[in-house]
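Peer 1: My structure is below; once you've seen it, I'll send some questions.
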Amino acid sequence: MIGRDAAEPVGTPPESGSGRRAQLLSIAAELFARRGFAATTVREVAESAGILSGSLYHHFESKEAMVDEILRAYLDEQLAAFRRTVEAGGDPRSRLEGLIRASFTVLRRHRWAVAILHNEIGHLAGLERFAYLEQVNREFELIWIRVLREGRSRGIFRAELNPRLTHRFIRDSIASVVRWYNPRGRMSAQTIAEQYIRIFCDGVVVTGAA
């Protein structure tokens, strides 16, 4: 668990804790993602949930507590998915593809958390409560870099590949999907993942084309 010792796993906002608490987290997550964390007030979250601001404080001590729980749920699940992917074995390419698929699978369940992190990381990282974000980022990066370095050393990936830059490019490209991804749209998260794998791993130019 990220930054937790004996605490109960958070899970995803729609399923964690009591039904009402989970509902409040889900509402808050969407508001923070769409309007911005700093710009969204506790009153707006409460109004969207149909309750008074004071009632919201019965569930959460602050706005920061809400976004903290939202992010931890996402980060815990994503880290676990990445670890399972690399522990499953396979060659570097299959593990890289697995990491991309795992990213989209968790994004589908936590798209608002991904958007919050993508948009607010600069602000949140400066708050003591969110100091763990830097550690988590390093853990994620190390998992990807190990796969990319192994693939490069084994001649599966190009020799000039910069593992750190490649990871950041893929990470940010996937995170930006939340700006347009519609879970009820024509393309599922899995379909988008397969398209991204083809682009990242095979490029867009046909081999031998002029």
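Peer 1: Give me the percent of the accessible area of the chain that comes from carbon and sulfur atoms, probe 1.4 Å, all protein chains in place.
Peer 2: Answer for the chain: carbon and sulfur cover 49 percent of the accessible area.
Peer 1: Could you tell me the calculated FRET efficiency between Ala22 and Glu47, based on Cβ-Cβ distance and R0 = 25 angstrom, to the nearest 0.05? Show your work: numbers first, answer last.
Peer 2: Details: r = 19 Å, r/R0 = 0.74.
According to the calculation, E is roughly 0.85.
Peer 1: Just to confirm a number: summing +1 for Lys and Arg and -1 for Asp and Glu over residues other than Ser103 whose beta-carbon lies under 14 angstrom from that of Ser103, what do you get? Each step should come with its number before you reach the end.
Peer 2: Details: positive: Arg83, Arg84, Arg95, Arg101, Arg108, Arg109, Arg111, Arg168, Arg171; negative: Glu77, Glu97, Glu141, Asp172, Glu194.
Counting the neighbours of Ser103, the net charge comes to +4.
Peer 1: Any idea how far the Cα center of the stretch 84-104 sits from the one of the stretch 157-210, in Å?
Peer 2: 14
Peer 1: Put +1 on the Cβ of each Lys and Arg and -1 on the Cβ of each Asp and Glu in the stretch 61-210; which of His110, Ser188, Val205 then has its Cα farthest toward the positive end of the dipole?
Peer 2: Val205
Peer 1: In the chain, if the dipole is taken from +1 on Lys/Arg beta carbons and -1 on Asp/Glu beta carbons about the Cα centre, which of Ala65, Asn162, Phe82 is farthest to the positive end?
Peer 2: Positive-end residue among those listed: Asn162.
Peer 1: Can I ask one more? Quick one: pull the percentage of alpha-carbon pairs in the stretch 40-169 with a separation above 23 Å.
Peer 2: Working: 3719 of 8385 pairs.
Roughly 44 percent, once rounded to a whole number.
Peer 1: Give me the dipole magnitude in Debye, nearest 20, for the chain about the Cα centre, with unit charges on the beta carbon: positive for Lys and Arg, negative for Asp and Glu.
Peer 2: On the way: 30 positive and 25 negative charges, 139 e Å.
The dipole magnitude comes to about 660 debye.
Peer 1: Next question, about the same structure. Once both labels are modelled 7 Å past Cα along the beta-carbon direction, what's the Ile145-Val206 spacing in nm?
Peer 2: Going from the Ile145 label point to the Val206 one covers 3.9 nm.
Peer 1: Just to be sure I understand the model, the point goes 7 Å from the Cα along the line to the Cβ. What's the resulting Leu161 to Arg83 distance in nm?
Peer 2: For Leu161 paired with Arg83, the spin-label model returns 2.5 nm.
Peer 1: Here's another thing I want to ask about it. How much accessible area per residue does the chain have, in Å², with a 1.4 Å probe? Write out the running numbers ahead of the final one.
Peer 2: Values: 11520 Å² over 210 residues.
Ligands and nucleic acids excluded, the result is 55 Å² per residue.
Peer 1: Something else: For Ala131 and Ser176 in one chain, what is 0.36 nm times their gap in residues minus the Cα-Cα distance, to one decimal in nm?
Peer 2: Values: separation 45, 0.36 × 45 = 16.20 nm, distance 2.31 nm.
Gain on extension, Ala131 to Ser176, equals 13.9 nm.
The values are calculated or read from the model by the stated rules, or taken from the named source; none is laboratory data. None of these values were measured; they are calculated from a predicted model. A quick note on method: Cβ atoms are made from the backbone with ideal geometry, for glycine too, and the neighbour counts reach across all protein chains shown. We work out accessible area using only protein heavy atoms, side chains counted, and drop any ligands, DNA or RNA first. Shrake-Rupley method; radii C 1.70, N 1.55, O 1.52, S 1.80 Å.
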